[in-house]
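Here is the structure we will look at, set down as structure tokens.
Please treat every number below as a calculation from the coordinates, not as lab data. Everything numeric here is computed off the predicted structure, so don't read it as measured data. As a convention, Cβ positions derive from the backbone with ideal geometry for all residues, glycine included, and neighbour counts pool all protein chains shown.
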Amino acid sequence: MPDQVGTSRQTGAAQRGDEGTWSPKHSSGRTEYLAKIRSAPGFVAALDQSGGSTPITLRKYGIPSDAYGNDDEMFALIHRMRTRIMASPCFDGDRVIGAILFEQTLDREVEGRPSAHYLWGVKKVVPFVKVDKGLAEECDGVQPMKPITDLDDILSRAIDDGVFGTKMRSVIKRANELGVDRIVHQQFELASRILARGLVPIIEPEVDTRSPEKADAQRLLTQAITAGLDQLGPTDLVMLKLTLPEQDDMYRDLVVHPRVLRVLALSGGYSRDEANRRLARNRGVIASFSRALTEGLSADQSDEAFDAALEKSIASIFEASLT
């Protein structure tokens with residue numbers, strides 16, 4: 001089995017002598033986070049593949065399902081892949097302003113440091129964590145989130161680890177107003193709990209790119225999100241992660257809404273080139289790509305070839321996020 005994820009590479013604090021001065025609970029750290037996410041050029045890397053998407057990601061990376069025997073081995077392999085990405089010299093806060101981590105990643109290390117601490121202390125990349133537990137069955141054309149029964153515990157861990165915000169995903173498959181309103185309500189209800197703990201929620205009601213009603217669903221979604229934003233408190237800030245729209249600049253009013261810190265776009269099923277083309281046509285929206293970010297990466301690449309492929313990906317996504 002190719003292990004071949006380059007975890008021995010030393011590009012972190014020990015090599016550079018950069019131990020960092022930020023503490024997870026230090027208020028100045030969160031102020032720096034906020035300033036970076038609000039205005040820095042760049043994009044947010046999505047490194048939060050879950051149990052359902054991890055086998056697909058590993059297969060595309062060149063590691064077949066018969067290379068691991070259980071979930072523990074699978075998650076160990078995907079963490080090695082994530083480590084290789086985060087430790088690459090081209091992955092840093094100059095272009096990658098944030099990264100969304102899988103919940104288990106908080107318990108793992110990168111180059112001897114807890115993952116979230118490594119991101120900020122070494123790379124100056126703001127850490128987020130995925131908090132949802134996957135999708136419930138489809139009803140009224142949408143898949144809401146499964147109950148997050150341990151949300152308070154996850155948030156406490158995130159705060160202790162110096163995480164800035166959270167992400168939670170639900171899916172819209174049809175332009176059903178009742179269904180769209182239901183999952184947006186669920187998203188904002190959970191966002192209120194997250195905001196109360198001092199974290200910034202990324203609200204992600206994804207519209208399936210394969211939906212025959214994609215444009216109409218996005219219109220309904222934009223209306224429902226706007227109504228939810230208008231109910232937030234005067235100091236509340238959220239982020240949005242939305243499917244690239246069929247109508248260019250459809251999210252313009254969301255981009256400039258005073259309760260929205262940043263609007264992110266997910267790549268969905270689009271190739272990186274197609275996702276970048278669509279993203280570049282939407283002013284003020286930046287990328288938060290997963291599959292498009294890792295496109296072209298392989299477990300059997302040398303560090304030099306891996307870094308070259310990742311550099312190509314990061315450079316193109318960064319450029320598309322500048323409009």
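Brief remarks follow.
- Only one of [x] 49; [y] 36; [z] 32 was calculated from the structure for percent of Cα pairs over 28 Å apart, and its label is [y].
- The GluC sites (Glu not before Pro) found in region 44-147 that occupy coil by DSSP, while having at most 16 further C-beta atoms within 10 Å, are Glu137, Glu138.
- For the pair Asp153 and Ser53, label points projected 7 Å from Cα toward Cβ lie 2.4 nm apart.
- FRET efficiency estimate (nearest 0.05) - Cβ-Cβ, Asp92 to Thr226, R0 41 angstrom: 0.75
- Inter-label distance, Glu137 to Glu304: 5.5 nm, where each label sits 7 Å from its Cα along the C-beta direction.
- Neighbour cut-off at most 11 other Cβ (10 Å), DSSP loop, chymotrypsin sites (Phe, Trp or Tyr not before Pro), region 105-176: none
- Percentage relative contact order, region 132-245, counting C-alpha pairs under 8 Å, at least six apart: 27 percent
- FRET efficiency, 1/(1 + (r/R0)^6) with R0 35 Å, evaluated for Asp72 and Ala315 via beta carbons: 0.50
- Annotation: lysines with alpha-carbon distance below 26 angstrom to Lys241 (same-chain offsets under eight excluded): Lys36, Lys60, Lys123, Lys124, Lys130, Lys133, Lys146, Lys167, Lys173, Lys214, Lys312.
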